[in-house]
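Scroll down for the structure; my scribbles are underneath it.
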Amino acid sequence: MNKLGHLALAGLALVAVSGPATARTDAILHKAVTSASRPAADTVRDIYRHPEASLRFWGLKPGASVIEVEPGGGWWTNILAPYLAQTGGRYIAAAADLDDPAASESERKSRAAFEGKYAGNPALYGSIRVVGFGPKSGALAAPASIDFVLVSRETHNWVTNGFIRKAFADFFAALKPGGVLAIEDHRAPDGADPAKGDGYVSEAYVIGEAARAGFKLAARSEINANPKDTKDYPFGVWTLPPARRSSPFGVAPDPSFDHAKYDAIGESDRMTLRFVKPRH
């Protein structure tokens with residue numbers, strides 16, 4: 001699908017980037033995005049990830065109950081948690097399921113590092129809760145208790161073994177009627193095999209799986225589009241920044257690999273989708 005096709009889907013109107021926030025809450029969100037508490041390694045990526053515009057497009061509201069799915073090192077957490085702490089909201093991270101014996105040691109260490117990082121500064125981040133998320137995990141929260149679920153660059157990891165269906169069902173159960181499922185991911189052309197393994201999935205695939213779970217597509221945006229991304233790299237999307245791979249997974253980096261042309265492309269072309277759980 002070409003860019004115009006992404007801007008209009010069967011009469012579906014795009015939601016304005018300004019979103020529903022008031023001037024005051026816009027100011028609080030802007031402060032969270034521009035805060036000196038965010039690491040420089042995070043802020044340098046804003047030119048590709050457009051955090052403020054994306055969150056406004058998705059419709060994040062003050063005082064919301066938010067689940068961030070697989071937050072990794074906390075790129076989004078460093079914005080969401082302070083914003084929610086300032087507006088009386090609640091932040092929950094869905095991370096490695098410690099009750100699952102199949103959870104890897106690296107996943108367990110990553111969760112422990114995440115918990116340790118954010119537990120030490122409640123004045124900035126508020127009270128952060130971490131729940132297990134995986135193939136065997138239970139409910140992420142009480143039924144219909146969450147306003148907003150953010151999934152950033154993760155759906156491409158859930159294609160095998162049908163896990164994406166379990167994940168979307170978990171999100172649907174946790175969200176209130178009218179709640180938002182916000183998705184950003186590396187965008188493949190429509191019709192691409194989602195199991196190809198190059199890190200890209202198509203909007204059509206993600207929209208179809210969300211619909212299967214009961215979600216309705218409310219809007220799509222080109223906020224995080226990158227027309228320079230040709231999506232045909234030797235090590236998949238991970239050839240591009242920020243991963244900048246120079247060898248296959250499990251192989252030592254190649255010091256002679258020339259990153260220049262990939263760095264010039266920047267980060268990947270990304271879908272930015274807003275789904276809602278129907279009220280009826």
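The values are calculated or read from the model by the stated rules, or taken from the named source; none is laboratory data. No experiment lies behind these values; they were computed from the predicted model shown. A quick note on method: Cβ atoms are made from the backbone with ideal geometry, for glycine too, and the neighbour counts reach across all protein chains shown.
Residue pairs, Cβ under 9 Å, 6 or more apart or interchain, first in region 220-247 and in contact (Cβ under 8 Å) with a residue 24 or more places away in the chain and closer than 18 Å to MET271 by Cβ, second surrounded by fewer than 14 Cβ atoms within 10 Å (Cβ to Cβ) and of a type in the set (Phe, Trp, Tyr). List them.
Sorted first by the residue in region 220-247, then by its partner, the pairs are TRP238/PHE249.
Against the definition (touching a Gly at 6+ places or on another chain (Cβ under 7 Å) and assigned to a loop (DSSP other than H, G, I, E, B)), how does LYS228 come out, yes or no?
yes
Would you pick out the residues in region 70-90 that are hydrophobic (A, V, I, L, M, F, W, C) and over 22 Å from GLU222 (Cα atoms)? Walk me through how you get there before you give the answer.
Start the filter on region 70-90 by keeping residues that are hydrophobic (A, V, I, L, M, F, W, C), which leaves 75-76, 79-81, 84-85.
Within region 70-90, ALA81, LEU84, ALA85 meet the criteria.
Of all residues in region 93-106, which are without any contact (Cβ under 8 Å) to a residue 24 or more places away in the chain and either assigned to a helix (DSSP H, G or I) or among the charged types (D, E, K, R) (or both)? Spell out the reasoning first.
Filtering region 93-106 for residues without any contact (Cβ under 8 Å) to a residue 24 or more places away in the chain gives 101, 104-106.
The answer is GLU105, SER106.
Out of all the residues in region 85-121, which are within 17 Å of the chain's Cα centre (by Cα) and of a type in the set (A, V, I, L, M)?
Answer for region 85-121, where residues must be within 17 Å of the chain's Cα centre (by Cα) and of a type in the set (A, V, I, L, M): ILE92, ALA93, ALA94, ALA95, ALA96.
Considering each residue of region 183-209, count those that are surrounded by 21 or more Cβ atoms within 10 Å (Cβ to Cβ), part of a strand (DSSP E or B) and in contact with a Gly (Cβ under 8 Å, 6 or more places away or on another chain), and give that number.
Summing the residues that are surrounded by 21 or more Cβ atoms within 10 Å (Cβ to Cβ), part of a strand (DSSP E or B) and in contact with a Gly (Cβ under 8 Å, 6 or more places away or on another chain) in region 183-209 gives 1.
If you scan region 122-172, which residues turn out to be under 16 Å from the mean Cα position of the chain (by Cα) and assigned to a strand (DSSP E or B)?
PHE133, ASP147, PHE148, VAL149, LEU150, VAL151, SER152
Take the conditions part of a helix (DSSP H, G or I) and either modelled with pLDDT under 95 or out of contact with any Ser or Thr (no Cβ under 8 Å at 6 or more places or on another chain) (or both) and apply them to LYS109. Does it pass?
Taking the combined requirement at face value, the residue satisfies it.
Could you say whether any residue in region 30-53 is under 13 Å from the mean Cα position of the chain (by Cα), part of a loop (DSSP other than H, G, I, E, B) and surrounded by 17 or more Cβ atoms within 10 Å (Cβ to Cβ)?
As a first pass, look at region 30-53 and keep what is under 13 Å from the mean Cα position of the chain (by Cα): 49-51.
Next, only the ones that are part of a loop (DSSP other than H, G, I, E, B) stay: 50.
Subset that is surrounded by 17 or more Cβ atoms within 10 Å (Cβ to Cβ): 50.
Yes; the residues of region 30-53 include at least one that is under 13 Å from the mean Cα position of the chain (by Cα), part of a loop (DSSP other than H, G, I, E, B) and surrounded by 17 or more Cβ atoms within 10 Å (Cβ to Cβ).
Please pick out the residue among GLY74, GLY88, GLY59 that is in contact with a helix residue (DSSP H, G or I) (Cβ under 8 Å, 6 or more places away or on another chain) and at positive phi.
Every option except GLY74 fails the conditions.
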